[in-house]
Amino acid sequence: MKNLLTKTLTPFTIYAFIVLAASIPVYFFLVDWIWINELDENNQLIAQRVEIEFNEQKINTEKLKESIDFWNEIQPGTHIDYIEKPLAKDSTYSIYRQNPYYEKFGGDKVNRFRGYITTIQINDQHFALTVETNVEETEETVGYIAVVTLLFFIVLVLGFWLMNKRLSKQIWKPFHRTLDRLKDFQLNNQKQLTFEKTDIKEFHELHVALEKLISQSLRTYQSQKEFTENASHELQTPLAILKQKLDLFLQDKQLTEEQYTLVEDMQYSLSRAARLNKNLLLLTKIENEQFQTKKPIDPGPIVEETIDMFQDFIEGKVLQIQFDIQGIPAIKGDSYLFEILIQNLLINAIRHAQPSSTIVIILNETTLSVSNGGTQALDDKQLFKRFAKQHDNRQGAGLGLAIAYEICQYNHWQLSYTYSQKRHQFTITFFPQII
Amino acid sequence: MISYIRMMKILIVEDEIHLADSMVRYLSNESYRCEVAYNYAEAIDKISYHTYDCILLDIMLPDGSGMQLLQELKKEPRDEGIIIISAKDALDDRIEGLHIGADDYLTKPFHLPELAARIFSIIRRKQFQNTNIVHQDGLHIDLLAKTVRYNDTPITLTKKEFDLLLFFFGNKHKVISKNTLAEHLSGDFADMLDNYDFVYAHVKNLKKKLAEAGTPSFLKTIYGSGYKWEA
């Protein structure tokens, strides 16, 4: 994952590169054009000077040819030729010449020259004067411009990068604070989030939208909880009526054995419905934080009472219970909830233990674990979900482990599941923040 | 000597007609007479003119709270046994109710035999405090000492067997299903196991012990898996 600013940095860099690259030929043509113009002007000035100087010398015609030859010999940049008629017009040209002194003095092998041909008059005779001046070569100009441009490009990118780092720290500060708040948000806390005031329009809009969304979620969640609670409460009465009418029905003297069996089956299903309903109510109450008692709990006796309570089930499956107290954790909470927690964990172990096997319960200063034998690891993602079915589930308790999980959450304990050496183990960690 | 010297009067305070009706029909027999108050006002009216042996009190009434009624009842010394009936399984309510002076607390939905057994125990406890012994054809059950004998032969029962015996005693002539017994013995977790064999095992042991002491077969198996205590 990239952060947002790195994403903008890349196109900025590419754009800067394109613009700067495109500027190289533009600069080159501009510089070259200025060069050529200046040199043409310069050549014209030289031509004028040559014409004036020669005329001022007042050299006679015989001597003039000699002088011009001499001039041509020692002035390599200019050349004077005798012509019959003056040139129709002046002309300019660019030319590359081999450097004859390259071997001797080094420098460029080939040089570019800008030439100017004009007609001068000396002693009423027409001469064609050629003036040539060395111009910087095209490639060299391009090279220099490219190097400078690249330098600027590097400066730009570095600048972008530095500014990005600073900006991401400063501008995004309120955003990160908002994000932190959202990460801490829990729907079942029922607390509306408030965000810091910001003068950035986008963040302000984000805050307004978030606050609206959150308050809506809270309302929905609240009404859903109320619905569950009300529905469960309202269900108690019809369930009670059904249960009691069946009890009365059993007293009918005309009842046949077949009808009796039907009533037993109905009663069984009713028991399940009633318990499910009670469990739903219990979950809602835990979520509504209706258990506020915080008293010291001694898990040992509660576990022993629970084992005692399930003695019939334990004997029915010929199970062994091994309860090791290695230490006593100093915990506080609601003892009623703790009993329910232990009951659910133990009944779960009893239900899933193979007959004649051993259930091991270990209590120490920081954890309480319950384990039973098994053949296959359970899906720990589904395990603590409400009404989640496991592969071998016959009569899905559905809510037992979800309740155990909620109770642990409520007390800030951690309930975890592990499967090793063919044993399912549920562990309550009482002080998860320390470990 | 017969334990029931007179008819026991029970007041049922319950706004749900179907529930009140079921309770009346199940409980009314040669030893219990039931009256019903469908709301708070009626209940107040009845308790100010009559005394009862046991009052069943629904906490949520359309025109008042059962808790209030309980407080009214406890203002003057009365010796009715009071059982709170509630759709709420809240521990606080339970503690508050028992604290104010209720004798027992039942959460809806419950089985009628469960209610009958509780009423039986409470009336016995309230009215026969010193010699709380029930008899039937030579079978003596001491509710305080939790001992049983047939004529002069003591019968040693486990806690659960004794509990079952009392449960049957509170539901004489009634058909009790295995399901009801399972719920009585293991509460909310009755349906968590695949079968109710443990109920069968306990009842079988109880029957065997009673038979060994020579009692007539009071406890009958009916319709294959139901039970009935004959007196």
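The values are calculated or read from the model by the stated rules, or taken from the named source; none is laboratory data. What you see is a predicted model, and the numbers here were worked out from it, not measured in a lab. Positions of Cβ are generated from backbone atoms using ideal geometry, with glycine treated the same way; all protein chains shown enter the neighbour counts.
Give the residue, chosen from A:Ala274, A:Ala330, that is in contact with a Pro (Cβ under 9 Å, 6 or more places away or on another chain), of a type in the set (Gly, Ala, Ser) and within 28 Å of B:Lys88 (Cα to Cα).
Going through A:Ala274, A:Ala330 in turn, just one is in contact with a Pro (Cβ under 9 Å, 6 or more places away or on another chain), of a type in the set (Gly, Ala, Ser) and within 28 Å of B:Lys88 (Cα to Cα): A:Ala274.
Whether any residue in the stretch A:214-230 is more than 7 Å from every other protein chain (Cβ to nearest Cβ), under 30 Å from A:Leu187 (Cα atoms) and of a type in the set (Lys, Arg) is what I want to check.
Looking for residues that are more than 7 Å from every other protein chain (Cβ to nearest Cβ), under 30 Å from A:Leu187 (Cα atoms) and of a type in the set (Lys, Arg), one finds at least one in the stretch A:214-230, hence yes.
Can you tell me how many residues in the stretch A:1-24 are loosely packed, with under 12 Cβ neighbours inside 10 Å and not hydroxyl-bearing (Ser, Thr, Tyr)?
Of the residues in that region, 9 qualify.
Could you say which residue among A:Tyr82, A:Tyr101 is over 30 Å from A:Leu162 (Cβ atoms), of a type in the set (Ser, Thr, Tyr) and out of contact with any strand residue (DSSP E or B) (no Cβ under 7 Å at 6 or more places or on another chain)?
It is A:Tyr101.
If you go through the stretch A:349-366, how many residues are within 14 Å of chain B (Cβ to nearest Cβ) and either in a strand (DSSP E or B) or surrounded by 14 or more Cβ atoms within 10 Å (Cβ to Cβ) (or both)?
Matching residues across the stretch A:349-366 total 5.
Yes/no per residue for (1) closer than 26 Å to A:Leu337 by Cβ; (2) under 17 Å from the mean Cα position of the chain (by Cα); (3) surrounded by fewer than 17 Cβ atoms within 10 Å (Cβ to Cβ); (4) among the hydrophobic types (A, V, I, L, M, F, W, C):
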position	(1), (2), (3), (4)
B:Glu30	no, yes, yes, no
B:Asp45	no, no, yes, no
B:Leu61	no, no, no, yes
B:Pro77	no, no, yes, no
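Would you pick out the residues in the stretch B:126-145 that are surrounded by 13 or more Cβ atoms within 10 Å (Cβ to Cβ) and within 28 Å of B:Gly101 (Cα to Cα)?
Those that are surrounded by 13 or more Cβ atoms within 10 Å (Cβ to Cβ) and within 28 Å of B:Gly101 (Cα to Cα): B:Lys126, B:Gln127, B:Phe128, B:Asn132, B:Ile133, B:Val134, B:Ile141, B:Asp142, B:Leu143, B:Leu144.
Using the structure shown, decide if B:Ala102 is touching a strand residue (DSSP E or B) at 6+ places or on another chain (Cβ under 6 Å) and assigned to a helix (DSSP H, G or I).
Spelling it out, it is not the case that B:Ala102 is touching a strand residue (DSSP E or B) at 6+ places or on another chain (Cβ under 6 Å) and assigned to a helix (DSSP H, G or I).
Looking only at residues in the stretch A:213-241 that are surrounded by 12 or more Cβ atoms within 10 Å (Cβ to Cβ) and of a type in the set (Val, Ile, Thr), which one is farthest from the chain's Cα centre (by Cα)?
A:Ile241
Give me a count of the residues in the stretch B:47-59 that are out of contact with any Lys or Arg (no Cβ under 7 Å at 6 or more places or on another chain), surrounded by 13 or more Cβ atoms within 10 Å (Cβ to Cβ) and either closer than 16 Å to B:Lys9 by Cβ or not assigned by TED's automatic domain parsing to the domain that holds B:Ile84 (or both).
The number of residues fulfilling the criteria is 5.
Mind listing just one residue for me: the one in the stretch B:175-202 that is within 18 Å of A:Asn348 (Cα to Cα) and polar (S, T, N, Q) and, of those, nearest to the other protein chains (Cβ to nearest Cβ)?
It comes out as B:Ser186.
State which residue is surrounded by the most Cβ atoms within 10 Å (Cβ to Cβ) when the search covers only the stretch A:286-306 and only residues that are in contact (Cβ under 8 Å) with a residue 40 or more places away in the chain and part of a helix (DSSP H, G or I).
A:Val303
Is there any pair linking a residue in the stretch A:193-205 that is part of a loop (DSSP other than H, G, I, E, B) to one that is surrounded by 13 or more Cβ atoms within 10 Å (Cβ to Cβ) and among the aromatic types (Phe, Trp, Tyr), with Cβ under 8 Å and at least six apart or on different chains, and which?
Between residues of the stretch A:193-205 that are part of a loop (DSSP other than H, G, I, E, B) and residues that are surrounded by 13 or more Cβ atoms within 10 Å (Cβ to Cβ) and among the aromatic types (Phe, Trp, Tyr), the close pairs are A:Leu193/A:Phe185.
Test A:Asn43 against the criterion of being without any contact (Cβ under 8 Å) to a residue 12 or more places away in the chain, assigned to a helix (DSSP H, G or I) and in contact with a Ser or Thr (Cβ under 9 Å, 6 or more places away or on another chain), and give yes or no.
So A:Asn43 does not fit the description; no.
Hey, A:His204 hits all of (1) surrounded by 12 or more Cβ atoms within 10 Å (Cβ to Cβ); (2) under 21 Å from A:Glu289 (Cβ atoms) but one; which does it fall short on?
All conditions are met except number (2).
Determine, yes or no, whether A:Thr256 is within 14 Å of another protein chain (Cβ to nearest Cβ), within 30 Å of B:Tyr223 (Cβ to Cβ), of a type in the set (Ser, Thr, Tyr) and touching an Asp or Glu at 6+ places or on another chain (Cβ under 9 Å).
no
Being farther than 16 Å from B:Ile83 by Cα and within 12 Å of chain A (Cβ to nearest Cβ) is the filter; apply it to the stretch B:1-28 and report the residue that is surrounded by the most Cβ atoms within 10 Å (Cβ to Cβ).
Ranking the qualifying residues of the stretch B:1-28, first place goes to B:Ser22.
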